[in-house]
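Take a look at the structure below.
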Amino acid sequence: MAHGDEFANVTGTFGVTTRLIGTHQSTTLNPDGTSINFWQPSFEGAPATSVWLSNPHMAQADAYGNIYIADKASHTVLKITPDGNIHTFAGMHVAGFNGDGPAQATSLYLNNTNGLFVFPNGTVYLLDPGNRRIRRVGTDGVMTTIVIDPEPNWYPSGRALWVSPDEQLIYYTNEFAPVPPSIIADGAVVKKWTPQGGIEVICSKSVGFRNPGNLAVNPVDGKLYVCDRAEEDATKLEIGLWRIDGVDQRTRMTGNFNNSPAVDGQLAVNSFIDQPRGLAFFPNGAYFLCGHKDGNIWYVDTAGVIHKYIKGKGSGDSYSLQDSVHPPLTAFNNINQPRAVSLAPNGDLLVVCNDSGYVFKVNNAMTGHLPSDLKPTALGIDGLHLNWSGLFGRGYRVQRTWSLSPADWQPIGAASGMPTGVPSTFVDADAAGHVQGYYRLLPSL
């Protein structure tokens, strides 16, 4: 397939744009340079399009149509429900620490909530850098602390977080506190956590990461990819998207400052994208990439060729993108300073822009993917195991009925599609003790 055909096929799977939340602010900074917390009690339960965000850094979705936003300066995770209203999901809108839980997520303080990773069933992991913690919020709304990082110089910034489907592996980054008179983090490390090994450094500070934006695992090669905006690198030589090939080993995937600026049709590795910050993989290893100072959202195809998807500006704090327009949109600047992209379980593209906090989606226009090979594979002490061939990144809702006469289908959870060749799995813990049961899959909302 020609590179242009691949891009055309991808853009054809998406529909039109919709603003989810965001209002331009004349300033987002207090007189002392800290970010303004715009949250007001009246926002709780209000239509999201009428609410102000406070320096958000990530938006992700679950299989039920809920969208979660890490709202850094309000020290919370917010949730937009399918009715379009917004609710506090975790945190108390004030920076602080009052315990590790378990406790209701809205009863525990967070500090500079930044990174976010959402599973299709609504389990949410969040990066709480001001408290040097990674937290987990279960589907019951209870928050627990999974990782306590002892690094005393963890600067309350950094937003990169990825969690494996079995929740047994976490990748994240931490930035180091600035060395005065600088106010920018003094480098960063990439780390992993497992229950057995605890915290391990994957890329030490000497490797050269400055301000990692987001990271993700490529479903094709299984390797970790890290965006580094390298904000205070005067040479701009550390800016780029990097593939992690081993401990303290990385390979550049986008060009450095000595390469030409990114234009359609170039190889990504030969194209300078200023301050890449957001990354979202497709099942075939292609990906969306956004550049903070570059201002654009790019599609990088399976041959590594870049294509401009939405044109934007790398400065300013507003947007001009209208609802109900169909990308590619490359004639004029539609957005400012994109900072995160993600693909929802239903295939929608979610984008977060600038400090005022404009979040929009480009809806998936294709019929929901529905596998036909759902089957039980084992009955263990933990319940009945179900497998199916899912599409990577897509979410599948699982329903059950004990009888088909009449059928009373009940939702019992959701799971994500896995990389090619790896089955999706779900365990029904309530199956034991029942003579028979029937199951079906539904696509994500």
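Computed over protein heavy atoms with a 1.4 Å probe, the carbon and sulfur contribution to the accessible area of the stretch 372-445 reaches 57%. For the pair residue 409 and residue 427 in one chain, pulling the backbone fully straight at 0.36 nm per residue adds 4.8 nm over the alpha carbon distance.
Annotated for the chain: lysine pairs at least 8 residues apart or interchain, Cα distance under 23 Å, count 23. Charge dipole of the chain (Cα centre as origin; +1 on each Lys and Arg Cβ, -1 on each Asp and Glu Cβ, all else neutral): 300 debye, rounded to the nearest 20. With the convex hull constructed from alpha-carbon coordinates only, the stretch 64-155 shows a mean projected area of 5.4 nm² over all directions.
Counted by Cβ distance under 13 Å from residue 357, the other residues give a net charge of 0, where Lys and Arg count +1 and Asp and Glu count -1.
Projecting the Cα positions of 122, 143, 158 onto the charge dipole of the stretch 108-166 (unit charges on Cβ atoms of Lys, Arg, Asp and Glu, taken about the Cα centre) puts 158 furthest along the positive direction. Treating each Cα of the chain as one equal point scatterer and applying the Debye formula with no solvent, the log10 of I(q)/I(0) at q = 0.07, 0.12, 0.13 Å⁻¹ comes out as -0.33, -1.01, -1.19. Using the Cα coordinates of the stretch 108-183, the gyration tensor eigenvalues translate into equivalent-ellipsoid semi-axes of 25, 12, 10 Å, sorted from longest to shortest. Rolling a 1.4 angstrom probe over the stretch 71-187 with all protein chains present gives an accessible area of which 54% lies on carbon and sulfur atoms. Counted by Cβ distance under 14 Å from residue 59, the other residues give a net charge of +4, where Lys and Arg count +1 and Asp and Glu count -1. Summing charges over all other residues whose Cβ lies under 15 Å from the Cβ of residue 87, with Lys and Arg as +1 and Asp and Glu as -1, gives -3.
Surface exposure of the chain, expressed per residue as accessible area with a 1.4 Å probe, stands at 39 Å².
Extension gain for residue 83-residue 153 works out to 21.1 nm (0.36 nm per residue, less the C-alpha to C-alpha distance).
Dividing the convex hull volume of the alpha carbon atoms of the stretch 348-434 by its residue count gives 160 Å³ per residue.
Using only side-chain charges placed at the Cβ, +1 for Lys and Arg and -1 for Asp and Glu, the dipole size of the stretch 145-246 relative to its Cα centre rounds to 120 debye. Magnitude of the charge dipole for the stretch 192-303, about its Cα centre and with charges confined to Cβ atoms of Lys, Arg (+1) and Asp, Glu (-1), is about 140 debye. Reducing the stretch 375-418 and the stretch 287-307 to their Cα centroids gives an inter-centroid distance of 35 Å. Using the rule -39500 (n - 2.57) for each DSSP H run of four or more residues, divided by the residues of the chain, the 222 nm mean residue ellipticity is -500 deg cm²/dmol. Using 0.36 nm per residue and subtracting the Cα-Cα separation, the extra length available between residue 323 and residue 34 on full extension is 100.9 nm.
The values are calculated or read from the model by the stated rules, or taken from the named source; none is laboratory data. What you see is a predicted model, and the numbers here were worked out from it, not measured in a lab. With ideal geometry, Cβ positions are generated from the backbone for all residues, glycine too; neighbour counts draw on all protein chains shown. All accessible areas refer to the heavy atoms of the entire protein, side chains included, with ligands and DNA or RNA removed. Shrake-Rupley method; radii C 1.70, N 1.55, O 1.52, S 1.80 Å.
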